[in-house]
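Some notes on the structure that comes next.
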Amino acid sequence: MIALVLALTLSGFEPNALLPGKPYVLAGHTDAIVAIAFSPDGALLASASRDKTVKLWDLKTGALVRTLPGAIQQLSSVTFSADGKRLAVGDVGLQARVIEVATGEVTKTIAHPDAVGEVALNPDGTLLAIAGLTDTGAVYEVAKEAKKFEFRGRTAQFSADGKTLLISSASGSFSLLDAKTGKARKNVPTPRELPLTTMTPSGSTIASWTAGGINVKLWSDAGKLVTTLKGPVAEVDRRPARITGVGLTPDGKKVIVGGGDGLVRLWNAQSASVVQTWPTDQTSAVAVSADGTWFAVADAGLVKLWKLP
């Protein structure tokens, strides 16, 4: 279980008063950011960019802690281990790397037979799930760099207790797998378009959406549809509100949805209504801190952070 030991304070730097919504801003990448992740203790944020680097940021001061170079191909995903000591980074060059946060040293490089779409570490960091862009997925034993089992999936996420692996497949479903054996506990059909998913740490709430879609569906861990967050059909500045990223607070009561229309929307899950919006430009990823206090969006080459109301 991930310990929520620190609140994100951001006391060392101030919101940017020149930007709409006055977000805290982390700047330093030279190309668009494709993935972001908070460390479990809220002390760091990792950002992976098309400039082929991963940057680690101190969220008390806003300072750049370290730049991790060396990706041969385009980066696609980044995630922390539950203790915050390791970082897994995936790229479309058919590999994922495990990196020590304290030193920036690459300790493992695991080859995968598909361009990496998403990576996930189980809580003790012994297993690495890799989901491929063409639905070829597998779980590997990190120490041995050996494949444990395969699955069909484009996305992957471990529950906080390490017992469940959530995957989604282009075949039109998402599944809850036994993280040790790969056996499916629950398969939930979804629209045939590419489904994307995320879940709360406990796995009690699952969010699904489709690439290019505007609606988010919320499910129980039993695979029952709870509610649908119906996105706006209207366009702002002639840009559709297609979903670019989704984040859930740990209790599942709030949902952050990035839209292609230049807005990030905060939804109340119970009432299925938008309670607040923030302006962005080119949102490509969304993340929520482990204590549910802050959320971040990747906006072109910047990371923008707001405190959740």
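Of all residues in region 83-95, those satisfying the criterion of being surrounded by fewer than 23 Cβ atoms within 10 Å (Cβ to Cβ) and not charged (D, E, K, R) are GLY84, VAL92, GLY93, LEU94, GLN95.
For region 278-306, the set of residues classified as closer than 21 Å to ALA211 by Cα, surrounded by fewer than 23 Cβ atoms within 10 Å (Cβ to Cβ) and of a type in the set (S, T, N, Q) consists of GLN282, SER284, listed by residue number. If we scan region 177-190, do we find a residue that is in contact (Cβ under 8 Å) with a residue 40 or more places away in the chain, crowded, with 20+ Cβ neighbours inside 10 Å and in contact with a Pro (Cβ under 8 Å, 6 or more places away or on another chain)? No, every residue in region 177-190 fails to be in contact (Cβ under 8 Å) with a residue 40 or more places away in the chain, crowded, with 20+ Cβ neighbours inside 10 Å and in contact with a Pro (Cβ under 8 Å, 6 or more places away or on another chain). Among residues of region 12-28 that are of a type in the set (Lys, Arg), those with a beta-carbon under 7 Å from a residue that is surrounded by fewer than 16 Cβ atoms within 10 Å (Cβ to Cβ) at least six positions away or on a different chain give the pairs LYS22/ASN16. Remark: ALA170 matches the filter, which requires a residue to be closer than 24 Å to ILE256 by Cα, touching a residue at least 24 places away in the same chain (Cβ under 8 Å) and of a type in the set (A, V, I, L, M, F, W, C).
Of the residues making up region 124-150, those that are in contact with an Asp or Glu (Cβ under 9 Å, 6 or more places away or on another chain), of a type in the set (A, V, I, L, M, F, W, C) and more than 20 Å from GLY247 (Cβ to Cβ) are LEU127, LEU128, ILE130, LEU133, ALA138, VAL139. If the condition is being within 16 Å of GLY301 (Cβ to Cβ) and modelled with pLDDT of 95 or more, then region 68-94 contributes only VAL78. Restricting to region 259-277, and then to whatever is at pLDDT below 95 and among the small types (Gly, Ala, Ser), can you tell me which residue is surrounded by the most Cβ atoms within 10 Å (Cβ to Cβ)? So the residue we want is GLY259. If you go through region 97-144 and pick out every residue that is within 19 Å of SER39 (Cα to Cα), of a type in the set (Gly, Ala, Ser) and crowded, with 22+ Cβ neighbours inside 10 Å, you end up with 2.
Among residues belonging to region 201-223 that are of a type in the set (A, V, I, L, M, F, W, C), buried (at least 16 other Cβ atoms within 10 Å of the Cβ) and closer than 17 Å to LEU177 by Cβ, point out the one that is farthest from the chain's Cα centre (by Cα). The residue in question is TRP219.
The values are calculated or read from the model by the stated rules, or taken from the named source; none is laboratory data. Being a predicted model, the structure only gives us computed values, none of them experimental. Don't worry about glycine lacking a Cβ; one is built from the backbone with ideal geometry, like all the others, and counts go over all protein chains shown.
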